[in-house]
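Asker: Quick one: structure below, then a few questions.
The values are calculated or read from the model by the stated rules, or taken from the named source; none is laboratory data. Everything numeric here is computed off the predicted structure, so don't read it as measured data. Because the Cβ atoms are built from the backbone with ideal geometry, glycine has one as well, and the counts that use them run over all protein chains shown. With ligands, DNA and RNA removed, areas are computed over all heavy atoms of the protein, side chains included. Shrake-Rupley method; radii C 1.70, N 1.55, O 1.52, S 1.80 Å.
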Amino acid sequence: MVATVKAMLERRGFEVTTASDGAEAFERLALMIPDVIVSDLMLPDVGGVSLIARLRQSPVTQAIPVIFLTPAQAGGCAPELDLSTEDYVRKPYRPEELVARVRAKLDQRAAPRQLSHRDRPTGVLSAEAFREELRREIARAHRGGQAGVVAFIELYELKVVRSRLGHRAVDAVALRLAQLSAQGGHPLDVVGRIDRWRFAILLPETSEKDAAKRLDDLTGRIVRARFEAGPETLRFTPTLGYTAFRPRDSAAEVEGRAEAALRYAASSLEVRAARFDPSMRTHASVAEPGRGRSWRERLATPAQIFSTQALGLVLPFCVYWGLDTVGLDVTWPMYVLVVASLLVTSLTIWIEGFLALRRPAPPDEPGAPAPPASANNAAYLPNEAATVIETVEAFLAIDYEPGLQVILAYNHDLPAEMPIEVELREIASRDSRFVPLRVLGSTSKAQNVNAALSSATGAFVGVFDADHQPERAAYHRAWRWLSNGYDVVQGHCVVRNGDASWVTRTVAVEFEAIYAVSHPGRARFHHFGIFGGSNGYWRTDLLRETRMRGSMLTEDIDASLRVIEEGRQIASDPDLLSRELAPATLRALWNQRMRWAQGWFQVSRLHLWAGLRSKRLSGRQKFGVFYLLGWSQIYPWLSLQMFPIVAYWISKFGGAQQLNWLVPLFVATTVLTLGTGPTQTYFSYRLSAPEIRRHGKWYVWYLMVASVFYTEFKNVITRVAQVKEVAGERLWKVTPRS
């Protein structure tokens, strides 16, 4: 009978889901709420009265109309049935009669009076009923009760699901979201549906601190959950914003703040609850190369450079002079401190170099069969339009038998479609592995990476910039790490345009010093690696839970520290190669490194104390956290201090000839410090990728530039970046590619 009724209703345009008995029917109802239920009066495991009783116990299913098919000899339906929601058709029935009854129920949409305040597909409060609850809570707080918190939540991909699978799929997802929102809640919590896309949660008598923890737990549950929507199983990105309500607030004011926090959360796609703050409306924005700037903007950076030099040189000299006038000379202990800082930094560089000579390699065999994988390429258009086609073709040529999905998540701020988007769609039509994904409203790489995760189908995902070209066996090598207990593996980024300019030559050798020497050396020294933003491979579920934070200028380092603090393992593999483009001009390099330096300072402020207090990290790892996040921010200032100390001594003792320049400590430190540059360059040459090592003159150039100019260039950037961060000057500038 079930198959007959299903076929008859589908021929007349209805969407039908079937169940063989009552138990299966309630399993279906846990996943979706139908508009009408058609059931035999006597099911194998439950009668009609029992079925209705169970349906009416839940606010989610209370209002579903039911049509029973009854035996011909039955005198009518059971008297317990409420004909405002139940109906019956005697067997044998005419198809037209059953169709008419179904359509009547759809048109009537009857519901008991006591259920009119409920959202029918999910059973949670309707929008108006939720607002009434909010008004009551605000009034109670005004009478002296404790205030609370209101949160708005959306699923980023839900509108796309509506366009692909229809409103029934949206309601099924909404039901699951309502169930997740109610899990682990306080008895006083209230959940409502504001509109088709948004839910609201009222947490009475809850502080913002407690609400943040509970709401973060909720977003974590949603990220880990799988949603059944018709024929598909989907994953979603929750965006959640919240605000506290005060006794004198109106419901509209509270909703407005929660809505603003929700929009802020949606702008970055970070999986964490965003607390309302007026400053969130001025979060970091994107600046394209060539954007017009006022004269004040043009003078800001030179002024900041001048001010940091004054802070690092002139101010200490004045302090030494002032203290000496009252009989207190602190220059000798400062001299010892500066010498010690130079020694610590130089010795650390030497240790990293020697440790990197023993090259780490992944386990010989994978710990499990290789699964399908994804590539997550983030691009900014039109800045990177010249490189993305080449990148997509390089990824589609990668040799990975289980299957590689290639996602290009891009953003651009032009109102019209660009020609390159047509090319991207043509590639996608030819090769189903390629997914072009335009991320509306995105202003950062973090948002693009996060948006692509909802489309990622692989068990692990490689994260790349738009100019990367990994080696064809890269995914197989990465899986050997990931299948043997590691959560993330960072590869070796090699510059492929080193011959473009003197800047690219410098960066090409510097990248070898970073990825072939420092990263693997530090990983061995500190017992943890760092994900450097590109050519990094993540377990997909971990990246979905971690996400990239668009509020961070170095979202990669922030994500690294968060997973390290959780006790996860990041490997560094110098033989896992991917080739990229370096900035070709000094201005482009300055902008890129300024963003990096300011981002590192952000991460240091956020994670230094958290890492040092972590119970999951060993003492050696905590030393590594201090060196990466604390010492790296202090050293650029300490490295300047020898100059004001010596200048003070010259002025005090009557000339440079009065100083003893052959003090053993000073001589030894000078020799060790001056030898660090050549030693690091040697390690870089010995361990670098073959195509870079064959350019011996680049290393000579790097040694000359690094020892004379480049090291202080980067120290200046670090000092200025700290000033910009403290001043709240955050601008995510796109790096031009040559």
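Asker: If we count every other residue with Cβ under 10 angstrom of LEU125's Cβ, Lys/Arg +1 and Asp/Glu -1, where does the sum land?
Answerer: Values: positive: ARG118, ARG131, ARG193; negative: ASP119, GLU128, GLU132, GLU133.
Here the charged neighbours net out to -1.
Asker: Summing Lys, Arg as +1 and Asp, Glu as -1, what charge do residues with Cβ under 12 Å from the Cβ of GLY491 carry, GLY491 excluded?
Answerer: Values: positive: ARG477, ARG579; negative: GLU471, ASP573, ASP575, GLU580.
Value of the local net charge: -2.
Asker: Just one of (i) 140; (ii) 184; (iii) 210 is volume of the Cα convex hull per residue in Å³ as worked out from the coordinates here. Which one is it?
Answerer: Given (i) 140; (ii) 184; (iii) 210, the structure-derived one carries the label (iii).
Asker: Of all the accessible heavy-atom surface of the range 569-614, with the other protein chains kept in place and a 1.4 Å probe, what percent is carbon and sulfur? List each step's numbers first, then the result.
Answerer: Working: 990 of 1700 Å².
Carbon and sulfur together cover 58 percent of it.
Asker: Taking the Cα centre of the chain as origin, sum charge times position over the Cβ atoms of Lys and Arg (+1) and Asp and Glu (-1), and report the length of that vector in debye to the nearest 20. If you can, show how the numbers build up before the last one.
Answerer: Values: 88 positive and 77 negative charges, 210 e Å.
Approximately 1000 debye in magnitude.
Asker: Another question, then. At a Förster distance of 60 Å, what's the computed FRET efficiency of MET1 paired with GLU205, Cβ-Cβ distance as r, to 0.05?
Answerer: Result of the calculation: an efficiency of 0.70.
Asker: With an 8 Å Cα cut-off and a minimum separation of 6 or more residues, compute the relative contact order for the chain in percent.
Answerer: Values: 1230 pairs, mean separation 90.0, N = 738.
The value is 12 percent.
Asker: Which of the residue pairs LYS445/LYS724; LYS445/LYS615; LYS622/LYS714; LYS6/LYS105; LYS6/LYS91 have a Cα-Cα distance greater than 23 Å in the structure shown? List each step's numbers first, then the result.
Answerer: Values: LYS445/LYS724 21 Å; LYS445/LYS615 32 Å; LYS622/LYS714 25 Å; LYS6/LYS105 17 Å; LYS6/LYS91 16 Å.
LYS445/LYS615; LYS622/LYS714, as the Cα separations exceed 23 Å there.
Asker: Post the alpha-carbon centroid distance, the range 605-649 to the range 374-394, in whole angstrom.
Answerer: 37 Å
Asker: Oh, and also: Hey, what number do you get for the chain at 222 nm if only DSSP H runs of n ≥ 4 count, each worth -39500 (n - 2.57), divided across all residues, to the nearest 500? List each step's numbers first, then the result.
Answerer: On the way: 28 runs with 355 residues, N = 738.
My calculation for the chain gives -15000 deg cm²/dmol from helical runs alone.
Asker: Antiparallel as a % of all DSSP beta bridges within the chain, to the nearest 5? Before the final figure, lay out the partial values.
Answerer: On the way: 31 of 72 bridges.
Bridges in the chain that DSSP calls antiparallel: roughly 45 percent.
Asker: What is the percent carbon and sulfur in the accessible area of the range 371-438, measuring with a 1.4 Å probe over the protein chains and ignoring ligands? Walk me through the intermediate numbers first.
Answerer: On the way: 1530 of 2810 Å².
Carbon and sulfur atoms account for 55 percent of the accessible area of the range 371-438.
Asker: Compute the FRET efficiency between MET418 and TRP197 as 1/(1 + (r/R0)^6), taking r as their Cβ-Cβ distance and R0 = 41 Å, and round to the nearest 0.05.
Answerer: Numbers: r = 28 Å, r/R0 = 0.69.
It comes to 0.90.
Asker: Give, in whole angstrom and from largest to smallest, the semi-axes √(5λ) of the equivalent ellipsoid of the range 440-560, with λ running over the eigenvalues of the Cα gyration tensor.
Answerer: Working: eigenvalues 109, 73, 43 Å².
Result for the range 440-560: semi-axes of 23, 19, 15 Å.
Asker: Contour minus end-to-end for GLU27 and PHE354, with contour as 0.36 nm per residue of separation and end-to-end as the Cα-Cα distance? Could the numbers behind the result be given before it?
Answerer: Numbers: separation 327, 0.36 × 327 = 117.72 nm, distance 6.10 nm.
Roughly 111.6 nm would be gained on extension.
Asker: For the pair ALA182 and ARG103, what calculated FRET efficiency results from E = 1/(1 + (r/R0)^6), where r is the Cβ-Cβ distance and R0 = 45 Å, to the nearest 0.05? Please report the intermediate quantities before stating the final value.
Answerer: Working: r = 33 Å, r/R0 = 0.74.
Given R0 = 45 Å and the Cβ-Cβ separation, E is 0.85.
Asker: Here's a follow-up. Give me the distance between the Cα centres of the range 111-184 and the range 423-451, rounded to whole Å.
Answerer: 32 Å
Asker: Quick one: check the C-alpha center-to-center distance for the range 197-224 versus the range 541-562, whole angstrom.
Answerer: Cα centres, the range 197-224 to the range 541-562: 20 Å.
Asker: What's the Kirkwood radius of the range 114-263 in Å, using all Cα pairs? Intermediate results must be reported in sequence, preceding the final value.
Answerer: Values: mean 1/r = 0.0641 Å⁻¹.
By the Kirkwood definition, the hydrodynamic radius is 15.6 Å.
Asker: Please state the charge dipole magnitude for the range 110-205, taken about the Cα centre, from unit charges on C-beta atoms (+1 on K and R, -1 on D and E), reported in debye and rounded to the nearest 20.
Answerer: On the way: 16 positive and 11 negative charges, 65 e Å.
About 320 debye.
Asker: Please compute the length gained on full extension between VAL330 and ALA310, using 0.36 nm multiplied by the number of residues separating them and subtracting their Cα-Cα distance.
Answerer: 5.3 nm
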